[in-house]
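The values are calculated or read from the model by the stated rules, or taken from the named source; none is laboratory data. This is a predicted model, so every value here is computed, not measured. Every residue, glycine as well, gets a Cβ built from its backbone with ideal geometry; the counts of neighbours run over all protein chains shown. To get the accessible areas, we keep the full protein, side chains included, count just its heavy atoms, and leave off ligands, DNA and RNA. Shrake-Rupley method; radii C 1.70, N 1.55, O 1.52, S 1.80 Å.
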Amino acid sequence: MTKQFTEEELKKRLTPEQYHILREKGTEAPFTGKYLDHHENGMYTCAVCGAQLFSSDTKFESGSGWPSFYDVAKSSAVTLTPDNSLGMQRTEVSCASCGSHLGHLFDNDPDSPNNQHYCINSAALDFEPKTKK
Ligand SMILES: [Zn+2]
């Protein structure tokens, strides 16, 4: 089921930078995001709808300047779309629940255990720490 949010509501709720990235397919400046050097255990969620997207278990250091994951929490969590903008062949990653732009997927990263590299904007994510019991 796709969650619908009005753009007006999202403009109020998100920061201007978040809105630009999530709804206008922007990209944050590298090495600036709040989740780049973030190593807590837990789940990264969509900043718009809260869907669970990436587990901290799959986060790795890519050196790209953006939070990087080698897998998604579950394959149905994101939508992959070919993106040939800016003269590059890339795959756009967006939230399957609400359609918001998250980042890009690259499949040739030697730093990744499986060559898959989900390069995701910090501003597109929220974080739920794993509760210790
Ligand atoms: Zn979402």
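Rounded to the nearest 20, the size of the Cβ-charge dipole of the chain about its Cα centre is 460 debye, with Lys and Arg at +1 and Asp and Glu at -1.
Computed with a 1.4 Å probe over protein heavy atoms only, the accessible area of Ser64 comes to about 30 Å².
When the helices of the chain are scored as -39500 (n - 2.57) per DSSP H run of n ≥ 4 and the total is divided over every residue, the value at 222 nm lands at -3000 deg cm²/dmol.
By the compact-protein rule of thumb, 2.2 N^0.38 Å, the alpha-carbon radius of gyration of the chain corresponds to a ratio of 0.99. Extension gain, Phe60 to Phe5: 0.36 nm times the residue separation minus the Cα-Cα distance gives 16.7 nm. The mean sequence distance of close C-alpha pairs (under 8 Å, at least 6 residues apart), as a share of the length of the chain, puts its relative contact order at 28 percent.
Selection among Ser75, Ser56, Thr27 by position relative to the dipole of the range 1-79 gives Ser75 as farthest towards the positive end (Cβ unit charges, Cα centre).
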